[in-house]
1. Can you name the residue in segment 14-57 that is among the aliphatic types (A, V, I, L, M) and not in a strand (DSSP E or B) and is also farthest from E108 (Cα to Cα) among such residues?
2. Give the number of residues within segment 1-41 that are among the small types (G, A, S) and surrounded by fewer than 18 Cβ atoms within 10 Å (Cβ to Cβ).
3. Can you tell me which residues in segment 161-181 are of a type outside the set (A, V, I, L, M, F, W, C) and out of contact with any strand residue (DSSP E or B) (no Cβ under 9 Å at 6 or more places or on another chain)?
4. Is at least one residue of segment 105-121 on the phi > 0 side of the Ramachandran plot and either crowded, with 17+ Cβ neighbours inside 10 Å or small (G, A, S) (or both)?
5. Examine segment 144-154 for a residue that is part of a strand (DSSP E or B) and either of a type in the set (S, T, N, Q) or free of Cβ contacts under 8 Å to residues at least 60 places away in the same chain (or both), and state whether such a residue exists.
6. Six or more apart or on different chains, Cβ atoms under 6 Å: show the pairs whose first residue is in segment 54-79 and closer than 18 Å to D166 by Cβ and whose second is modelled with pLDDT under 90 and outside any helix (DSSP H, G or I).
7. If you go through segment 83-99 one residue at a time, do you hit one that is of a type in the set (G, A, S), over 30 Å from A185 (Cβ atoms), in contact with a strand residue (DSSP E or B) (Cβ under 9 Å, 6 or more places away or on another chain) and crowded, with 22+ Cβ neighbours inside 10 Å?
Amino acid sequence: MKLNFTTDSGIGSRATLGLIVLQTDETLESEFAKVLPKDGVALYHSRIPMCNEVNSDTLKQMQIDIPNSAALLPPALSFDVIGYGCTSGATIIGPETVRDAVQKAHPEAQVTNPVTAIIAACEALNAKKLGFLTPYVPEVSAQMREKLEASGHSVVAFGSFEESEDCVVAKITEASILEAIESVALQAECDAVVVSCTSLRTTGLIKEAEARIGKPVISSNLAMAWHMMKLANLSHNPSEFGELFNLSSRK
């Protein structure tokens, strides 16, 4: 017996989002699940090959793999926004190159990444003088710092855990990250502190961090989630995720 059925617009009635996650990343999917709205918003993940050692050479390799990873997102869907979830990778490869690589598989999608999102968040918060916290080895941190300064911002304070293994970065405690944010903020007067790297856990500490230092904290994960929602015209302002998410509610 053949049964009749009807169809609707699917899970993503408000927005369809894609996220390319590093093979080694243990943090990003959990963080996004806490931040994004649930009703009518579909989020699909794809993984991209990446070894555990984070350096310029391993990050450059991802440029080759981005189109294939993007193509593993459901091909029948029209994506509103796709995010490439690697701050250091976007720095080394370049945001425009990342965008072009993703759009080879999904030309209809807007594309963002943590670097582009952080810069957009700094502009939205009018943050020009930045404290900058990374987990990276010096060569990677230096290139990220150059990218921020090339966008018209000045890095006036800096600190790094200088850890090259992604699996270790994912296990850095929130207490350690909070202490590091405070340490960077105390170095010099700044408008905001940027916490770079999608492997660092920040959703659970952002309000406490901002309360301690008295200024916004912009993390890779929260900035990219915010930017993807902005590009998809999603109205959602969870106050527990800091000043960035309170912007539209103050207008």
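The values are calculated or read from the model by the stated rules, or taken from the named source; none is laboratory data. Predicted, not measured: the structure shown is a model, and the values here were computed from it. As a convention, Cβ positions derive from the backbone with ideal geometry for all residues, glycine included, and neighbour counts pool all protein chains shown.
1. Residues of segment 14-57 among the aliphatic types (A, V, I, L, M): 15, 17, 19-22, 28, 33, 35-36, 41-43, 48, 50, 54.
Restricting the remaining residues to those that are not in a strand (DSSP E or B) gives 28, 33, 35-36, 50, 54.
Details: L28: 24, A33: 24, V35: 24, L36: 21, M50: 26, V54: 31 Å.
Filtering segment 14-57 for residues that are among the aliphatic types (A, V, I, L, M) and not in a strand (DSSP E or B), the one farthest from E108 (Cα to Cα) comes out as V54.
2. Initial filter on segment 1-41 (among the small types (G, A, S)): 9-10, 12-13, 15, 18, 30, 33, 40.
Narrowing further to those that are surrounded by fewer than 18 Cβ atoms within 10 Å (Cβ to Cβ): 9-10, 13, 30, 33, 40.
Number of matching residues: 6.
3. First, the residues of segment 161-181 that are of a type outside the set (A, V, I, L, M, F, W, C): 162-166, 171, 173-174, 176, 179.
Passing the criteria: E163, K171, T173, E174, S176, E179.
4. Taking segment 105-121 first, the residues on the phi > 0 side of the Ramachandran plot are none.
The answer is no; no qualifying residue exists.
5. Of segment 144-154, the ones part of a strand (DSSP E or B) are 154.
Right, trim to either of a type in the set (S, T, N, Q) or free of Cβ contacts under 8 Å to residues at least 60 places away in the same chain (or both) and you get 154.
Looking through segment 144-154, at least one residue is part of a strand (DSSP E or B) and either of a type in the set (S, T, N, Q) or free of Cβ contacts under 8 Å to residues at least 60 places away in the same chain (or both).
6. Correct list of pairs: V54/S164; T58/C51.
7. no
For every residue, the table says whether it meets (1) surrounded by fewer than 22 Cβ atoms within 10 Å (Cβ to Cβ); (2) assigned by TED's automatic domain parsing to the domain that holds I48; (3) over 17 Å from S141 (Cβ atoms).
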| site | (1), (2), (3) |
| --- | --- |
| F161 | yes, no, no |
| S164 | yes, no, no |
| I181 | no, no, no |
| L186 | yes, no, yes |
| D191 | yes, no, yes |
| V195 | no, no, no |
| T198 | no, no, no |
| A211 | yes, no, yes |
